[in-house]
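Student: I am attaching a structure below and will ask some questions about it afterwards.
Since every read-out is calculated from the coordinates, none of them should be taken as a lab result. Note that the structure is a prediction, hence the values are computed from the model and not measured. Here the Cβ positions follow ideal geometry from the backbone for every residue, glycine too, while neighbour counts run over all protein chains shown.
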Amino acid sequence: MTQRRITDDLQALLNVLPARITEAVIQADDSDNLLEIVLDLGRVPVARFVNREVTLSDVETTHEDIDAVVANIGEFDADNRAGLERTLHRISAIRNRHARIVGLTCRVGRAVYGTIDIIEDLLATGQSILLLGRPGIGKTTMLRESARILADDKRVIIVDTSNEIGGDGDVPHPAVGRARRMQVAKPSLQHEVMIEAVENHNPEVIIIDEIGRELEALAARTIAERGVQLVATAHGRTLENLLLNPTLSDLVGGIESVTLSDEEARRRGTQKTVLERRSPPTFDVLIEIEERDRLHVHADVSAAVDALVRGYPLAPEVRYRDPVGEVVIEKPAPPPAMRPTPQTSRRIFANNSENTQPLSRAARGNPVLAQPETVNPAPPEVNKTLQPVHIYPYGVARNRLIQAARRLGVPAVVVANLEEAEVLMTLRTYYRSRQHPIVEAEARSMPIYVLRANTINQMEQSLAELFNLSVESGPSEWDIIAAQTQVAIQNVLNGQRFVDLPPAAAGIRRLQHDMARQAQLVSHSYGKDPNRRVRIFRE
């Protein structure tokens, strides 16, 4: 077990604060858990600790207090951040409309030695590693320690956008060891410095904090393709929400909508339009920092993304420190068997008789035309403990509903008219327009199941609810696309000039245009099928 050692140079930060605030912080007597000190004009100063918040003075913060702090620290950069020479502390400014500083966040920076042993074996493989986690969880601390360890026997360059890794000033903090540091003049130029580091300084490893823009994601891919090991952090908490972020999804390979051939769709047991990983991921390993000493490790990002978009997410490897400080690694259990494809799947019948043969291709479109057709002589595997339910699908694809029932092994009987049905299943658009069968079903007090989309995933979830089954299902194709589109809309509303969504089929693009219009944004389609995509931007 590596001995943990913490250095925070806290006194250097306290020396630049007003005397009454410094004294109050010392009296709080909890410096090891101090996260930041907040000074906002016209409000009382506050100290934020790991598990609590403490008021440092009853006297409100004045312009004089803020100006005194600003005079004692380094110059603020374009990202409104400043620091103290040879420390890891960060002071961030809030300005009014006239650019005068009206608030300061003084964040305590700590060099924590001896924390990287929990992933040291992964660093030694030479694979590129991406760290995710909420703000303040320790991503940058782990990045800094990684740089120090790797620099002992490799050429390491740190691309330090906000001087958080190597500290303020021209001389890097001792916590980065022998690693070299390149500072970035403006955050918008980070991608250029990343490329410059590779072209000019021959690194074996590049360390990057906070990949947050599309150009930085593209630069990271360029670096990885040149054979340089990357260790970086990115905005996001889990693999899934990173995948839904259209700006950064390329870091893990991205996703796109693909149209399969009829034969391939039948082989997979899916609809013809599916989501797939677009390209090899930039990073080989992804680590989700759940708590300071507890990590979820996706050791094979390609496999994790492929499983996630197909609805069978793989369990990550769990690593944590036990009460005595030893690293414990829990390997995931073997993944459960995938649901059977049509060649080996359980059969669904027009009634509950075991002697009834599977429906023919024509019958799947119209149960009235059902004729016996021997496709597979294997006995059916319908769950015989369940009571059959007669379902009338109105606007719902019958063949997909049959396939969904087959995959779940439930005795769903698809009927051709409402009189024979016990349950009606329809789409949201039909339900909202109050079609005649909907009104008639309501008059009969018949249960109605409303689907968001005509997908097998949606049908399976409704059937699971209908038969009271516990089914874990991954996100549907539209769930993922809608979430991607919403993230893109939010990025544009937050000031990004435009966002290009992944290529998609025409029907999906129409829905993306509708979402953009509802957010009062402009959207256009560009390119030619199958690579035609939607771009969202302001007028």
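Student: Please express the Cα-Cα pair-distance distribution P(r) of the stretch 477-537 as a list of whole percents, one per 5 Å bin, running from 0 to the bin with the greatest distance.
Tutor: P(r) for the stretch 477-537, in whole percents per bin: 4, 21, 35, 25, 12, 3.
Student: Using 1/(1 + (r/R0)^6) with R0 = 25 angstrom and r between the beta carbons of L418 and D514, what's the FRET efficiency to the nearest 0.05?
Tutor: 0.25
Student: According to a simple spin-label model (label point 7 Å from Cα along Cα-to-Cβ), what is the distance in nm between D30 and E440?
Tutor: Once both label points are built, they end up 6.7 nm from each other.
Student: By how many nm would the segment from E465 to R237 lengthen if fully extended, with 0.36 nm per residue of separation less the alpha-carbon distance?
Tutor: Taking 0.36 nm per residue and subtracting the Cα distance, the gain is 79.1 nm.
Student: Would you calculate the separation in nanometres between label points at D500 and V522, each defined as 7 Å from the Cα along the Cα-to-beta-carbon direction?
Tutor: Taking the simple label geometry, D500 and V522 are separated by 1.8 nm.
Student: Right, next: Per DSSP helix of 4 or more residues, -39500 (n - 2.57); summed, then divided by the residues of the chain. What does that give at 222 nm, rounded to the nearest 500?
Tutor: -8000 deg cm²/dmol
Student: Going by Cα centres, the stretch 21-60 and the stretch 490-539 are how many Å apart?
Tutor: 45 Å
Student: Relative to the longest principal Cα axis of the chain, at what angle does helix 214-225 sit, 0 to 90 degrees, rounded to 10?
Tutor: With rounding to tens, the tilt is 90 degrees.
Student: Would you list I329, I402 from fewest to most Cβ contacts within 10 Å?
Tutor: So the ranking, lowest neighbour count to highest, is I329, I402.
Student: Rounded to two decimals, what is Rg over Rh for the stretch 405-514 when you use alpha-carbon atoms and the Kirkwood radius?
Tutor: 1.07
Student: Could you give the length gained by full extension between Y312 and E53, i.e. 0.36 nm per residue of separation minus their alpha carbon distance, to one decimal place?
Tutor: 89.1 nm
Student: Here's a follow-up. Give me the one-decimal nm value for the distance between modelled label points at D300 and N200, 7 Å along each residue's Cα-to-Cβ direction.
Tutor: Between D300 and N200, the label points sit 4.0 nm apart.
Student: By the gyration tensor of its Cα atoms, with a ≥ b ≥ c the square roots of the eigenvalues, what is the shape of the stretch 5-111: rounded for a/c under 1.5, prolate for a/b over b/c, or oblate?
Tutor: It is oblate, given that a/c is not under 1.5 and a/b is not larger than b/c.
Student: Moving on. Consider just the alpha-carbon atoms of the chain and return their Rg together with their Dmax, both in angstrom.
Tutor: According to the Cα coordinates of the chain, Rg and Dmax are 28.7, 90 Å.
Student: If you don't mind, there's one more thing I want to ask. List the GluC sites (Glu not before Pro) within the stretch 53-158 that DSSP assigns to loop and that have no more than 13 neighbouring Cβ atoms inside 10 Å.
Tutor: E60, E75
Student: For the stretch 179-296, report the % of Cα-Cα distances exceeding 17 Å.
Tutor: Tail of the P(r) past 17 Å holds 61 percent of the pairs.
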